[in-house]
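Below is one structure, written out as structure tokens, with a few remarks after it.
Bear in mind these aren't lab numbers, they're just calculated from the coordinates by the rules spelled out. Not measured: the values here are computed from a predicted model. In this analysis, Cβ positions are derived from the backbone assuming ideal geometry, glycine residues included, and neighbour counts consider all displayed protein chains.
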Amino acid sequence: MSANKRWLLLLMGAFVLSAGVARGSVLLSTPKLLAHVPRHRGKQKPSHVNPVLIRRYRDKAWRWQALTGTARTTHPLGPNTKASLRFWVRTAGQAYLRAIHPPHRRAWLCIHRYEGSWRDSGDPYWGGLQMDRGFMAGYAPRYLLRRGLADRWSPFEQMWVAERAYRSGRGFHAWPSTARMCGLI
């Protein structure tokens, strides 16, 4: 290849590169607001989701809210939309986080250490906090009817039922010996 042809190719390559840079600089210099303006095609319909999925998260949120003693959340948005699903997923997550952090958790775990297994089914006391039938009927009648005795409840459910007894004014006196060993009385 002759020197003239090489020179010509180099010159053309430089021209192409400079033209590309010049064209790119025009795109880079335009304001970002104008570059990403969405085109309005009329009012868009909200996309619908499966109502069973929304109902599942709503029920989970209400279950955890009932356990912790908080009021049920109501939803202001329309049914079966993505916004509704996001709302119930967020609400269920917040209710769950509250449920897994019961007040006096360390105290309940200390009492449990001296009482029994979470699945203890020995009569007349059941569960990890050794609840009798009267205690369960007084502080968790729904759980007693729907789920059976305390040995069938999760540890968090047992702690929240004990928390109801604590808040009602009984304190830790329902477990006199173990509460003394834990330094709670």
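Quick notes on this one:
- Trypsin sites (Lys or Arg not before Pro) within the stretch 48-155, DSSP loop, no more than 14 other Cβ atoms inside 10 Å: Arg72, Arg119
- Just so you know, the Rg over Rh for the stretch 79-129 is 1.29, from Cα atoms, with Rh as the Kirkwood radius.
- Distances between placed amide hydrogens fall under 5 Å for Thr81 paired with Val49, all partners being 5 or more residues away or on another chain.
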